[in-house]
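A short worksheet on the structure shown next.
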Amino acid sequence: MPAIAQRRWVEGVDMNIKEKLEVRLVHLKPILKAAGRSIEVVSVESPSVTFRVAGFCSGCACSSSYKESLEELVADTCPELTQISFIEE
């Protein structure tokens, strides 16, 4: 399914916002899983998106780094989403 979703993205077929974000995360998920971490799009209700993140340090440099990276990913993929929140586990 991810390959199909990725192909649809490349061809410009209309996808919903959550699908667009999932396509952008598909390559990161196996890498994060190998490190005991995960990212999931929990909800999208424009202009808000909520991610569930697990296995990341809280309050250290890597914590702000992954948040900044996700904020950039959202801005590049779905600029209409301007409120980004995280559920940290």
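Could you tell me whether segment 1-9 includes any residue that is surrounded by 15 or more Cβ atoms within 10 Å (Cβ to Cβ), within 16 Å of Leu73 (Cβ to Cβ) and at pLDDT 90 or above? Among the residues of segment 1-9, not one is surrounded by 15 or more Cβ atoms within 10 Å (Cβ to Cβ), within 16 Å of Leu73 (Cβ to Cβ) and at pLDDT 90 or above, which makes the answer no.
Taken together, the criteria place Ser65 among residues that are over 11 Å from Glu88 (Cβ atoms) and either at pLDDT below 90 or within 15 Å of the chain's Cα centre (by Cα) (or both). Each residue in segment 66-88 was checked for being of a type outside the set (D, E, K, R) and either farther than 21 Å from Gly55 by Cα or in a strand (DSSP E or B) (or both), and 11 pass.
For segment 38-61, a residue qualifies if it is exposed (fewer than 12 other Cβ atoms within 10 Å of the Cβ) and either in contact with a strand residue (DSSP E or B) (Cβ under 6 Å, 6 or more places away or on another chain) or not charged (D, E, K, R) (or both), and the qualifying residues are Ser46, Ser58, Gly59, Cys60, Ala61.
The values are calculated or read from the model by the stated rules, or taken from the named source; none is laboratory data. This one's a predicted model, so the numbers in the text were calculated from it and none came from an experiment. We place every Cβ from the backbone using ideal geometry, glycine too, and count neighbours over all the protein chains shown.
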